[in-house]
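K.L.:
Just passing along the structure, written as structure tokens.
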Amino acid sequence: MSAEARITVTVNGLSCTRTVDARLLLSDFLRHELGLTGTHVGCEHGVCGACTILLDGRSARSCLTLAIQADGANIETVEGLGRIGELGRVQQAFRDHHGLQCGFCTPGFLMTITDMLRHHSLENDEDIREALSGNICRCTGYEHIVNAVRELARERGPLK
Amino acid sequence: MSAIDASVEMRPKLVGQRIKRTEDPRLLTGSGRYVDDIAPAGLLHLAVMRSDHPHARIRAINVGEAFAIPGVVAIFDAGDIKGDFRSAVPTSRMKGYYATPIRPLAEGKVRYVGEPMIAVVAESRYAAEDALEHISVDYEPLPFAIRQVDAVADDAPLLHDEAGTNVIIAREFARGDVEKVLADAAVVVKGRFRMTRKTPMPMEGRSYLAEWDRRRQALTLHSSTNIPGIIRDVLSGCLDLPGNRMRVVAPDVGGSFGGKGSLNHEEMLVCVLARKLERPVKFVADRMEDLTAMSQAFDELIEAELAVDADGRLLGLKADVIGDIGAYSIYPWTGALEPVQVVSFLPGPYRIEHYRGRVRGVLTPKPPTGPYRGVGRPSSTFAMERLIEMAARKLGMDPVEIRRRNLVRAEEFPYRTGSGIIWDRSAFQECLEGACDLADYPALLRARDAARAEGRWVGIGLASYAELTGIGSRIAVAPGMPINTGTETSTIRIDATGAVTAAFGISSHGQGLETTLAQVVADELGCRMEDVEIQHGDSALVPMGTGTYASRSAVLGGGAATKTARVVKAKVLKAAAYLMAVPIEDLVAEGGVIRASSSNATMTFKELAHAVYAQMGRIPHDQREDLVASETYDPYLGTACSSTHLAMVEIDPGTYGVTVTRFVVAEDCGRIINPLIVDGQVHGAVAQGIGAALLEEVVHDADGQLLTASLADYLVPVATNVPDIGIVHIEAELPNNIGGFRGMGEGGTIGAPAAIANAVSDALSHLGVEVDTLPVTPERIFRMVEDARTIRKA
């Protein structure tokens, strides 16, 4: 069970190489091996979406992915979206609309929404709620998050 | 410089504004620090072996090859740590109450599936969990009664032999002669209402990290708790460490809703083990562990009868309640918290002269129940509001009108309910009207009737309730509980750089108190909000603090902030008067600048602080005072907070799925500190109420096994389950507490289940269906509809 493998991944633009247990979850790899604790683990069974990251540009559950599956991949996490004093656009919309309370699910929402804005039309609130329905937030009741996404969808450019 | 109109300058500028939260930048950038983000050198990880029996004697434990797993450091059962702590005992002054002791690991017997039994400590969580696979337990199964109706029976198997009974709490509230009014009333409606068991399900699992400082022989517990002060106080006793060597820090906490608001087994365990091993020990509950063993909630069976006269006036109410409190009484709230609140609040915001409410709290082999948003009142409001609508239907009266006739009116405050609760003035009637106005109730009725004419199942439901928030020292948050929940202390200091630090005993975990309390402090002090740092969530900040729960922090924290800031401000102005050589009455502080109306002189807080602290001799030594103060606030009585919820639903006659199509909340939360944050609290609480009404149910089968141990089985609302929520804030006469704030944290969860239950009943009124169990799932609706059709055919 302790077979190890050497992997190289690009995380938020930086390449890193590590030897990891074959069974190490990608979420644990990001949090404990790389110290990127912005990615949170909410259920470890793929339902809540708190651990969502972008894997080669598309949203993925890092708790259902093994680190070795990400070998050679390009990973984006919440730490890559912006920083204090220089919030990224999705982060800023969340702040403007009070789209977070305890903040635990927030990184997963931000990454999901980043993907949805790039790839989905999100023409109305029904689309937006459908797009968000794979992520659980227990604090906000979603309305402020929907408001933030509506604003982002209106102002963004063409889909990728 | 022109003359300043002090009355305008003194007007608060920040309280009342939609200020963006100061917490957000760190949380949005992944820069927050939750317990699991902290990893000190030498960290060990704890995995817990849990009981898979609901009631059994532990005959033997065999660790097998567990120690052969690389990285395993130690394995403990209850016997191995017996001398390392004293049990926590959630005592109560209530008569006849039995307090079950709380220990880190089960001793001799297990009493619910999921109870911690064996601790494995290893270099990694992976290794610790591997070791669990090798450990086996020889159980002697014992008889048990899993349902509360069976567990109250005289011959039911006992869960705690020492208690001599499973019924560890029994209370009765009575006023007047309810039997007589029930016998004489024009209309009597009754029901057997069941609010099933819930789990709070915060997004962050329970997380604990204990660090033992060998040098100071001191323990620091980083805990995802919302009651760090209470945990410090109890662990100080359990571990025999004075408060200056026992510190509890709650860093960023990913929600609680009550689930992290009690002492947890694992919280004690990491402390015991960190001291024993002299290494940092961390436990992070995974989702299955939290769904299995976090404190659960509600689980009430309410049999109630309501007597009403021909004009729709409520005459009397009688209720018999059995609360299923689980296997243990929880610390510090006791098992009385939830069930006793049900009978205390059952009469609701209504004028009802005759009342009798009886409650029994019964032990069953399930996880202990503890606080969950709303505590008791979601269940009591569900039962009462169902009865009111049933009565209205029987009388052919509009559900709004029957409430209008019975809600306590402005001139009747303070009103004492049949259970003894005193309602201070609050906008009971105005909230009812406000909700109907915002929803355009007549138009909604027309829309419902038009949909019905097309054969659609559409219904409207209301719920009115009142709650006590920001409770002071007159009554304990949980009845009979011997800890003080009625005070809050704030320590404010302006340091030598002019920065303001305000420390509290509260513990914000999503409520945005770093923002709202900074608004209050900045307004009161006259400094800039960006110069204020709010500190909280750390038992070392104030001598005695409890935390954030029971919708208390805006009322008590806001009051303490105001009181303390006023003392500091007096010191600021006294120093400024001397330094600027003007009378103190001429000074106004605003936006970080102190101005003299009688001259052109100004001074910033920074300049003043520098003069006071750093410039020797600027102020004569016998007049110089540090710019600090610490004050404690006690609102004594607490404030009433009231609301009316209005829901419209549509049921799919094919799938029996319920869609909430409209939801409106009118609430009176007093003076609003930050409307953005209040709206967020309402939205989130209503979403949890929708979950309680339609989705969420912890299910234990007849064998005591949990059937809802994943988020695919325990369903919480996602974005597609929740509509946009219309909110109207009714600011009636302000309550008589400092600041005029009322608590806003819980109400949504109180009103929404009842409003939706009424709306579903209304949608099925053509079949005569009355909802009596929540959640009203598609399966339950299917059964109710089938039963109704069978009866009709017969």
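K.L.:
Rounded to the nearest Å, what's the spacing between the alpha carbon centres of segment B:682-701 and segment A:72-119? Just the number, please.
P.N.:
Taking the Cα centre of each part, segment B:682-701 and segment A:72-119 sit 27 Å apart.
K.L.:
What is the order of B:L444, B:L363, B:L734, fewest Cβ neighbours within 10 Å to most? Intermediate results must be reported in sequence, preceding the final value.
P.N.:
Values: B:L444 18, B:L363 31, B:L734 15.
Fewest to most other Cβ atoms nearby, the residues stand as B:L734, B:L444, B:L363.
K.L.:
I would also like to ask the following. List the lysines whose Cα lies under 23 Å from the Cα of B:K318, skipping any in the same chain that are fewer than 8 positions away.
P.N.:
B:K95, B:K180, B:K190, B:K394
K.L.:
By a straight-distance test (C-alpha under 13 Å), which aspartates and glutamates pair with B:K282 as possible cross-link partners, with residues fewer than eight away in the same chain excluded?
P.N.:
Candidates past the 8-residue exclusion: B:D36, B:D37, B:E123, B:E211, B:E266, B:E267.
K.L.:
A follow-up question, please. Given N residues in chain B, what is its alpha carbon radius of gyration divided by 2.2 N^0.38 Å?
P.N.:
Details: Rg = 27.7 Å, N = 794, 2.2 N^0.38 = 27.8 Å.
Relative to the 2.2 N^0.38 Å estimate, chain B comes out at 1.00.
K.L.:
Rank these for me by crowding, B:T639, A:T114, going from fewest to most other beta carbons within 10 Å.
P.N.:
Numbers: B:T639 27, A:T114 23.
The order, fewest Cβ neighbours first, is A:T114, B:T639.
K.L.:
Right, another one. What value, in deg cm²/dmol to 500, does the helix sum -39500 (n - 2.57) over DSSP H runs of n ≥ 4 give at 222 nm once divided by the residues of chain B?
P.N.:
Helix-only estimate at 222 nm: -8500 deg cm²/dmol.
K.L.:
Further question: Quick one: if the Förster radius is 35 Å, what FRET efficiency do B:R147 and B:T790 give, using the C-beta to C-beta distance and rounding to 0.05?
P.N.:
0.85
K.L.:
Would you order A:R156, B:R215, A:R118 from fewest to most other beta-carbon atoms within 10 Å of each residue's own beta-carbon? It would help to have the intermediate numbers written out before the result.
P.N.:
Working: A:R156 12, B:R215 6, A:R118 15.
With the fewest neighbours first, A:R156, B:R215, A:R118 line up as B:R215, A:R156, A:R118.
K.L.:
Tell me, what is the FRET efficiency for A:T17 and A:L64 to the nearest 0.05, using R0 = 35 angstrom and their Cβ-Cβ distance as r?
P.N.:
On the way: r = 23 Å, r/R0 = 0.66.
Efficiency, from the Cβ-Cβ distance: 0.90.
K.L.:
May I ask for the distance between the Cα centers of segment B:294-333 and segment B:217-287, given as a whole number of Å?
P.N.:
Using only Cα atoms, the two centres lie 33 Å from each other.
K.L.:
Please give, to one decimal in nm, the separation of the simple spin-label points placed at A:H120 and B:A702, each 7 Å out from Cα toward the Cβ.
P.N.:
About 4.3 nm, to one decimal.
K.L.:
Can you give the direction-averaged projected area of the convex hull of the alpha-carbon atoms in segment B:574-639, in nm²? Don't skip to the answer; put the middle values down first.
P.N.:
Numbers: hull surface 26.0 nm².
Its average projected convex-hull area is 6.5 nm².
K.L.:
What ³J(HN,Hα) values, in whole Hz, does the Karplus curve 6.51 cos²θ - 1.76 cosθ + 1.60 give for segment A:113-121 when θ = phi - 60°, with x put for Gly and Pro?
P.N.:
In residue order, the calculated couplings are 5, 4, 5, 4, 5, 6, 10, 10, 6 Hz.
K.L.:
Classify the protein assembly as shown from the C-alpha gyration tensor, please: rounded if a/c falls under 1.5, else prolate or oblate depending on whether a/b exceeds b/c. Intermediate results must be reported in sequence, preceding the final value.
P.N.:
Working: a/c = 1.33, a/b = 1.07, b/c = 1.24.
Rounded shape, in that the Cα axes give a/c under 1.5.
K.L.:
Something else: Any lysines with Cα under 20 Å of the B:K563 Cα? List them, leaving off those in the same chain fewer than 8 positions away.
P.N.:
B:K13, B:K571, B:K574
K.L.:
Suppose a student asked you for the relative contact order of chain B, using Cα pairs under 8 Å spaced at least 6 residues apart; what percent would you report? Each step should come with its number before you reach the end.
P.N.:
On the way: 2034 pairs, mean separation 124.2, N = 794.
Across chain B, relative contact order equals 16 percent.
K.L.:
Past the 21 Å Cα-Cα mark, which pairs from B:K109/B:K276; B:K198/B:K366; B:K260/B:K366; B:K82/B:K109; B:K198/B:K260? Spell out each step's value before the answer.
P.N.:
Numbers: B:K109/B:K276 24 Å; B:K198/B:K366 12 Å; B:K260/B:K366 18 Å; B:K82/B:K109 15 Å; B:K198/B:K260 14 Å.
B:K109/B:K276, as the Cα separations exceed 21 Å there.
K.L.:
Considering chain A as a Gaussian network with a 10 Å cut-off on Cα pairs, which listed residue, A:G35, A:G108, A:G134, attains the greatest mean-square fluctuation?
P.N.:
A:G35
K.L.:
Now for a separate question. Could you give the semi-axes, largest first, of the ellipsoid that matches segment B:1-157, computed as the square roots of 5 times the alpha carbon gyration tensor eigenvalues and rounded to whole Å? Don't jump to the answer; show the numbers that get you there.
P.N.:
Numbers: eigenvalues 463, 170, 42 Å².
Working from the Cα gyration tensor, I get semi-axes of 48, 29, 15 Å.
None of the figures in this text is laboratory data; all of them are computed from the coordinates on show. Keep in mind the model is a prediction, meaning the values are calculated, not measured. Please note: Cβ atoms are built from the backbone with ideal geometry, for glycine as well, and neighbour counts cover all protein chains shown.
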